[in-house]
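Notes for the one structure printed next.
Every number in this text was worked out from the coordinates using simple rules, so none of it is lab data. The shown structure was predicted, so the numbers you read here are calculated from the model rather than taken from an experiment. Heads up, the Cβs are rebuilt from the backbone with ideal geometry, glycines too, and the neighbour counts pull from every protein chain shown.
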Number of protein chains: 2
Amino acid sequence: MSDASGSIAAVTERLRSTLPSDAVITDPTRRAAYDCDGLLHYRVTPAVVVLARDTDQVQAAVQACMTHGLPFVARGSGTGLSGGALPHADGVLIVMSGFREIREVSARDQRAVVDPGVINLQISQRTRPDGYYFAPDPSSQQICTIGGNVAENSGGAHCLKYGFTAAHVLSLDVVTPDGDRFAFGTRAPDAPGYDVLGAFVGSEGTLGIATSATVRLLRTPETVQTFLAGFADTDAAGAAVSAIIGAGIVPAAIEMMDALAIEAAEAAVACNYPAGAGAVLVVELDGPGAEVDSELAAAEQHCREHGAFEIRIAADDQERQAIWRGRKSAFAAVGRISPDYIVQDGVIPRTALPEVLRRMKQLADDGGVRVANVFHAGDGNLHPLVLFDDAVPGQADAAEETSGAIIDLCLEHGGSITGEHGVGSDKAKHMPKMFTEDDLDTMQRIRCAFDPTGISNPGKVFPTPRLCGEVPRRHSASDDSRTPTTTAGVEIF
Amino acid sequence: MSDASGSIAAVTERLRSTLPSDAVITDPTRRAAYDCDGLLHYRVTPAVVVLARDTDQVQAAVQACMTHGLPFVARGSGTGLSGGALPHADGVLIVMSGFREIREVSARDQRAVVDPGVINLQISQRTRPDGYYFAPDPSSQQICTIGGNVAENSGGAHCLKYGFTAAHVLSLDVVTPDGDRFAFGTRAPDAPGYDVLGAFVGSEGTLGIATSATVRLLRTPETVQTFLAGFADTDAAGAAVSAIIGAGIVPAAIEMMDALAIEAAEAAVACNYPAGAGAVLVVELDGPGAEVDSELAAAEQHCREHGAFEIRIAADDQERQAIWRGRKSAFAAVGRISPDYIVQDGVIPRTALPEVLRRMKQLADDGGVRVANVFHAGDGNLHPLVLFDDAVPGQADAAEETSGAIIDLCLEHGGSITGEHGVGSDKAKHMPKMFTEDDLDTMQRIRCAFDPTGISNPGKVFPTPRLCGEVPRRHSASDDSRTPTTTAGVEIF
């Protein structure tokens, strides 16, 4: 029996003795159901699956792993697109989706206290009657969990105006990798002490597992106006985006789709977007009525000045939903026009949009694949869909290569390897393109402070784990001449 | 020669050999000029003063301290009110105020790159012609430095709408306590990896020294409207604040002054506030014209409904400045009506305002002192000024006691020991009232990751330094029954 299998047996025995009998899954077929998240082409079956329903159970699982030096990975609904919840073959997968009560809603205090397995959209459904909602809205919001949103610092179409998940989490209860429980954050603005909460949100499961989240609720805006604008091409649409943002208007959302994405959406949901459009923008403005009216007029004007040949303003909620239907269906819709696809996630400065889109087209042509673009144009967060047919020999490799080349293209323009899908398993290899070794090592000082043995979601985020021990002195004290390390010289967006 | 004096001599010798001759001050009289910051009643003369002018000099000073195990403290203009820049008697004080160039301003990218010694207001002065400004506006903004703002995560009257310094720093170059240089943060939204930048901002000098800051610029709002409202008492003014915020209006600023603060301001600058007012509100709204107009009408209405007997809307910039003059002079003005005073800084939920103000009056009466209130009402950040006469035996102690009791009062109402002045030397003792030992220990894991020997601004923030070494296991692996630690159950604001 190998070391790992001995530890697995010991952990399993301990879990069985402390957890409810139906909470520990060892049957290979049932375990195999958890072998991936939304990044379907990475698959690993975990050694043991724990279905956790409360904090005590999460803590018991982590403590069992800690005692026997076994890795653990937390998973919510498994909708993540970077393989952040990819299991470890010799580890425990802790499934949080059954740990899902909304514990408290306080409209007056604009907050809700929720379990990590609560579905994102359920919070808004619960609070909307009181005039409040939870702002982060990843496309998967009907199914993804708050715990996953916290781990990945999830975004969504409306994060341009309202910020990512980090801006909406007031405090967290956490089980740390050494099996302790802590509360991170307070509800006071600018609370004293270090912002440990801020470092935890977006740490992709490498600093522990959140077991409770106090989230901020926003007031439902007084007015929402949405319009669809058709353009001849993405250059014109991109120029309109720059003009709107440059005028100081911050739309709630400003989304772009190119011709191929429109074609896919039409095939799937018959969204009836402007005929002949080479690109469309979906622009949403929200806030007090007077503000929205004036911004709507200005945004429409900017679109017309940059070549919009058709603008449709939604007259009511039904028309608004019709406009959004095309955008929201786009990812799934791509299946109608291509047997296989890779969803990429990169960031570029808004001003580089036209050039990056042109070069991306060239990369696709060179690789013999097609690329459809659906993206959060306001903050330059691209989601290129690289289309291919796995049945055609070589196409999968060509698509993978094109997808990687797109990330390099984003970095070349001062961008980022990920906008909102996270690093996970998929992009750890790209981290050294964006950060120096010293930068990565600095981040991992925090990892070592919380997870010195590296059992919390190992292999994610960092390409090379740091050996935790004494803080290394990489230079002698008299060596005053080191040049500073810098992050990639990215532009502001 | 003691250990410390031996180290001091060695560090001094090394500093003299590596830094310009006028950069190292050892003369006792000149050193004594740096014996305190804005918290005047804590005074310690540093062993050595270094006047740093660039990153190499900061790094050289830190490396000298590291080599000989001597503490260092960074200081900007010394305007901090919590003793965060209080020197160490056996340590080096690194004065950053001569390291003060604005290196780059990019209006299109909405950012500026500045040295840590740049004065807060200079950024806005430089960028205003292009239509941009730097939002954080502590009262000391004409003199305080960006490095100090970063260390203390400084706020100001307009942080209600625009957030504290942390929301306006995109990246930092830092010299860490082990003498290395790192870049924290990127300019991409939701960048991958841990948010080390977020943990650094507000760490009050305990994680190293920032040597360059890339800050975010905001567009100058299209319209600004300011009005002054006079009320019979603070209860009525507090109710108006709650009504305005409760209606979903987020003013750029909403400030309250009570009768004693108004009296002081009148004595100092003849601000001509409404006669007979027991409280005034200064309300400022900014944004697009249409939005501001509609919010102005609504805010005015809420004030009238809650008893405002006089409302003056500033017709132009000159009238706006006249309204602000009283508010901005209030702290200094208190000197006109009292020989001595303590500025307190606490946070309470907005809804607790009336009760807390009443109980505070009682505390003052019991202690035989007076308390004037000037504060950021929108986010419940109180700045009680405890007035006393040091010449009257016992009054200083009574004032100190009342000031401490006010902090307990804030905590009792679910608030915080500091809103924006920081913990520093002054409030480290209060930290255990707000955080459990485990919470404080969790924060100090990060301290240990960056400053394992505790030489970076020791004695600040944390009441008891953590011994850094192996991560302690505070419980056996089989002890699954620990209850979670929690932060004080503070309300949202």
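Relative to the dominant Cα principal axis of chain B, helix B:317-337 is inclined by about 70°.
Taking the C-alpha atoms only, the angle from helix B:437-450 to the longest principal axis of chain B is near 50 degrees. Remark: the Cα gyration tensor places region B:100-149 in the oblate category, a/c being 1.5 or greater and a/b not exceeding b/c. Using the alpha-carbon atoms, what tilt in degrees (0 to 90, nearest 10) does helix A:259-269 show relative to the longest principal axis of chain A? Once rounded, one gets 80 degrees. Given R0 = 35 Å, the distance between the Cβ atoms of residue A:17 and residue A:453 translates into a calculated FRET efficiency of 0.90. In nanometers and ordered shortest first, the copy-to-copy spacing of the residue B:40 label point, defined 7 Å from Cα toward Cβ, is 7.2.
For the segment A:431-442, counting C-beta atoms of other chains within 10 Å of every residue's C-beta and taking the mean gives 3. Cα centroids of region A:107-164 and region A:201-252: 14 Å apart. When the C-alpha to C-alpha distance is required to be over 26 Å, the pairs from A:161/B:460; B:328/B:361; B:361/B:427; A:433/B:460; B:433/B:460 that qualify are A:161/B:460; A:433/B:460. Projecting the Cα positions of A:200, A:288, A:307 onto the charge dipole of region A:173-312 (unit charges on Cβ atoms of Lys, Arg, Asp and Glu, taken about the Cα centre) puts A:200 furthest along the positive direction. Computed from the C-beta positions of residue B:128 and residue B:438 and an R0 of 35 Å, the FRET efficiency is 0.15 to the nearest 0.05. FRET efficiency for the residue B:33 to residue B:5 pair, using the beta carbon distance and R₀ = 22 Å, is estimated at 0.55. For the protein assembly as shown, with the dipole built from +1 on Lys and Arg beta-carbon atoms and -1 on Asp and Glu ones, taken about the Cα centre, which of B:341, A:218, B:59 lies farthest toward the positive end? Looking along the dipole axis, the top candidate is B:59. Neighbour counts of other Cβ atoms within 10 Å put A:303, B:271 in the fewest-to-most order B:271, A:303. In the protein assembly as shown, helical runs assigned H by DSSP with n ≥ 4 each contribute -39500 (n - 2.57); averaged across all residues and rounded to the nearest 500, the mean residue ellipticity at 222 nm is -10500 deg cm²/dmol.
Going from the fewest other Cβ atoms within 10 Å to the most, the residues B:429, B:328, B:361, B:460 appear in the order B:429, B:361, B:328, B:460. Across the copies of the chain, residue B:224 has label points (7 Å from Cα along Cα→Cβ) spaced 3.4 nm apart, shortest distance listed first.
For A:300, B:284, the sequence from fewest to most other C-beta atoms within 10 Å is A:300, B:284.
Ranked from shortest, the separations from the 7 Å Cα-to-Cβ label point of residue B:270 to its equivalents in the other copies are 7.9 nm.
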